[in-house]
Amino acid sequence: MLNRVILIGRLTRDPELRYTPAGVAVTQFTLAVDRPFTNQQREREADFIPVVVWRQQAEHVANYLRKGRLAAVEGRIQVRSYDNNEGRRVYVTEVIADNVRFLDRGDGGGNSEDMGSGQQQRYSGGGGARGGNQDPFVDDGKPIDISDDDLPF
């Protein structure tokens with residue numbers, strides 16, 4: 001049997017960090033994920049998916065992710081239920097994240113950070129036309145000079 005999910009979307013609000021009575025960190029946030037089609041009004045709709053992250057990764061997410069940031073989440077879907085104050089059974093479907101990757105930086109840069117193992121991975125690329133150890137895919141606002149000979153079509 002297999003229960004795996006991979007999502008890419010933007011946080012709808014800042015993550016909420018809490019601790020269990022045993023001191024284990026848990027963070028919750030909601031990811032807005034665009035649907036791959038438009039509705040009859042030609043507007044793109046989104047699904048709002050609750051995500052739960054545990055332990056050290058939960059602390060990293062709470063410290064470094066904010067509302068509007070682009071993130072990739074890998075994990076599993078979990079369905080749980082509880083009885084509310086009115087005695088009704090409430091079902092909750094959420095993603096339990098094994099790995100959260102930060103796909104953009106809050107200051108507009110292009111480095112990504114992988115918090116799945118508690119380590120940061122940053123682009124350290126080679127020289128290139130723009131020089132230095134900069135990410136060549138960052139939109140720096142300057143036009144890109146491409147000749148017709150460079151295009152594959």
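Derivation of every value follows stated rules applied to the coordinates shown; laboratory data play no part. This is a predicted model, so every value here is computed, not measured. So basically every Cβ, Gly included, is an ideal-geometry build from the backbone, and we count neighbours across all protein chains shown.
Residues whose amide H falls under 5 Å from that of R69, counting only those 5 or more places apart or on a different chain, are L11, with hydrogens built in the peptide plane.
Which GluC sites (Glu not before Pro) in the stretch 1-89 pass both tests, a DSSP loop state and at most 11 other beta-carbon atoms within 10 Å?
E43, E86
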